[in-house]
Amino acid sequence: MVAYHLVEGLRRYDDVDVHVVHCHSEIPMSRTVVEGNVMVHYLSRPKRRIVPNLLSAIGRVSHLLKHIRPDVVNAHTGPYALAATRAGFPTIYTVHGVNHRHAQVVDRLSDRMALMLEACLDKLALRGVRDIIAISSYVVTEYERKCRATFHRIENPIPDDYFAVPNIEKPGRLLYVGVVSEGKDILTLLKALEAVVHEVPEVHLHIAGRILSERYFRSLVSYARARGLEHKVSFLGLLDTPALLREYAECAALVLPSRHENSPMVVREAMAAGKPVVATRVGGMAELVLDGECGYLVDPGNANQMAERTIELLSYPDLRRRMGRLVRQDAEQRFRLNKVVERYRAVYFEVAARHQELMLGGNTWAYPE
C-alpha cells in the first residue's frame, strides 16, 4: 500500500513519468494499463515452488526494466531491488521490514523459512544498491554495517482520509489492527483485557485483521470463552478502508502487543486519526510512540504492564484528548502524503543527477512494488 500511496502522490507532478511493475503468479495475463503519467505493468509468471517463482520474477522484472530504461528505480522488496541492480539501473531500495529479526518470533516453520529466504534476498539486494530509504532509525541500525549505501530517512505516508477521521469515541472501545498470528501476540492482549475488565467494565476490544493462523485464532477464541471474555472481544476480519476509518473514529486507543515490529503503518494511521497508542517496546516503535506523551510503551509479553497503561488511558478522558492532539500534530508533520512524496521526489532527483545529467521534464521512474 505504501507504493500505491506514493504513486498517487507522484501523479500530481507533470515533470515525471511513473512506471509501476508488479509481477505475481496470480496475474493471469501480462498487460499494461496507462492512466495519465502513470503506466502500470502487470507481469504474470507460472505457479512454481517459492524459489523458482522468485528467480523467475527477478528475471522477468529485470528484462522489463531494460525495456523501460528508467532514470531511477525505487524498489520496495528485495527481489525487485535485485532485479533493478542486475538490469544496471540506479536503484533506491525502500526497506520496510527487518526479516531476519521477524523470523525469530514466528512459530510456524514454513513462515520462518519464508522470512529467512526474504532475509537472504535482502542481503543480496543491499550489496548492490547505493541508496536506501529507511522508514525508521531501526532499519539504519540493523543494516548500516551490512552495506555501503547512503541512507535517506523518510517516513511512510498516510492518506489524507485518516487525518479527517472525527472523534466519535465509544466508551471503553479498544482497537487492534493487524493480522491474527502468533507473532502479534494477541494472547497477551487478551490476558491484559482480563485485568482491564475489572477496572473498566465497559471495555470492549475490536480485533480487525486477516487470520493468518487458524490454529492460533481458535486458541484465542477458546481462551476468551474460558475467561468469560467472549462478550468483550469482537473479531472483525479484514476491513475495507471506510470500515477501518470508522473503527479508528470510534476507538479510545489503539493497542498493539507485537513481539516484533519495524515501524507499523497502523500506529501511523492511529496517530493521524488522533488516537493514543499502547504498544510494545520493539523495533522502531519508540520513534513513533513517545512514551508518556503520545501513548505508552510496554515490554513485549508483559500483560500486567499493558493492562496498567490501558486502564490509565481509559480512566482519564482528558489524558486521551491531550495525547490525541499531540499525536495528530506529530503525524501532520511526519506522515502527510504530500510532504512524504516531496521527500521521495527529492531523493529521486538527487540519485538521477548523480548518474546522469538531469533532463528537466523528461525523467522516467520505475516503481517495482
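No lab work stands behind these numbers, since they all come straight from the coordinates. Being a predicted model, the structure only gives us computed values, none of them experimental. Glycine gets a Cβ as well: all are built from the backbone with ideal geometry, and neighbour counts include every protein chain shown.
Based on Cα contacts under 8 Å between residues 6+ apart, the chain shows a relative contact order of 21 percent. How far is helix 241-250 tilted off the main Cα axis of the chain, in degrees rounded to 10, range 0 to 90? Orientation of helix 241-250: about 40 degrees from the principal axis.
Which of Asp161, Asp330 comes first, and how do the rest follow, when ranked by fewest Cβ neighbours within 10 Å?
Details: Asp161 15, Asp330 18.
So the residues, fewest neighbours to most, are Asp161, Asp330.
Taking the longest Cα principal axis of the chain as reference, the axis of helix 78-87 is set at about 10 degrees.
As a length-normalised measure over Cα pairs under 8 Å and 6 or more apart, the relative contact order of region 89-137 settles at 59 percent. Loop-located GluC sites (Glu not before Pro) in region 207-294 (DSSP state other than H, G, I, E, B) with a sparse environment of at most 15 neighbouring Cβ atoms within 10 Å: Glu230, Glu293.
Using the Cβ of Arg321 as centre and a radius below 13 Å, the other residues enclosed give a net charge of +3, where K and R count +1 and D and E count -1. Our summary gives region 160-334 a relative contact order of 27 percent, counting only alpha carbon pairs under 8 angstrom and 6 or more residues apart.
Could you list Leu290, Leu313 in order of exposure, starting from the residue whose Cβ has the fewest other Cβ atoms within 10 Å? Can you show the working numbers first?
Values: Leu290 15, Leu313 23.
With the sparsest Cβ surroundings first, the list reads Leu290, Leu313.
Listed by chain and number, the aspartates and glutamates whose C-alpha is less than 17 Å from the C-alpha of Lys146, apart from same-chain residues fewer than 8 away, are Glu118, Asp122, Asp131.
Of Met39, Met1, Met285, the sequence from fewest to most neighbouring Cβ atoms within 10 angstrom is Met1, Met39, Met285.
Provide the convex hull volume over Cα atoms per residue for the chain, in Å³. Please list the in-between numbers first.
Details: hull volume 48.9 nm³, N = 369.
Taking the convex hull of the Cα positions in the chain, it is 133 Å³ per residue.
So which residue, out of His67, His19, His41, gets the largest mean-square fluctuation from a GNM of the chain using Cα contacts under 10 Å as springs? Looking only at His67, His19, His41, the biggest GNM fluctuation is shown by His67. For the listed residue pairs Lys170/Lys232; Lys66/Lys123; Lys170/Lys275; Lys232/Lys275, the alpha carbons are over 19 angstrom apart in Lys66/Lys123; Lys232/Lys275. When the Gaussian network model of the chain links Cα atoms closer than 10 Å, the mean-square fluctuations of Gly228, Gly128, Gly59 top out at Gly228. Using every Cα-Cα pair within region 160-334, state what percent have a distance larger than 26 Å. Taking all Cα-Cα pairs of region 160-334, the fraction more than 26 Å apart is 19 percent. The helix-based estimate of mean residue ellipticity at 222 nm for the chain, built from -39,500 (n - 2.57) per DSSP H run of four or more residues and divided by its residue count, is -14500 deg cm²/dmol to the nearest 500. Between 0 and 90 degrees, the angle of helix 317-335 with respect to the longest Cα principal axis of the chain falls at about 0 degrees.
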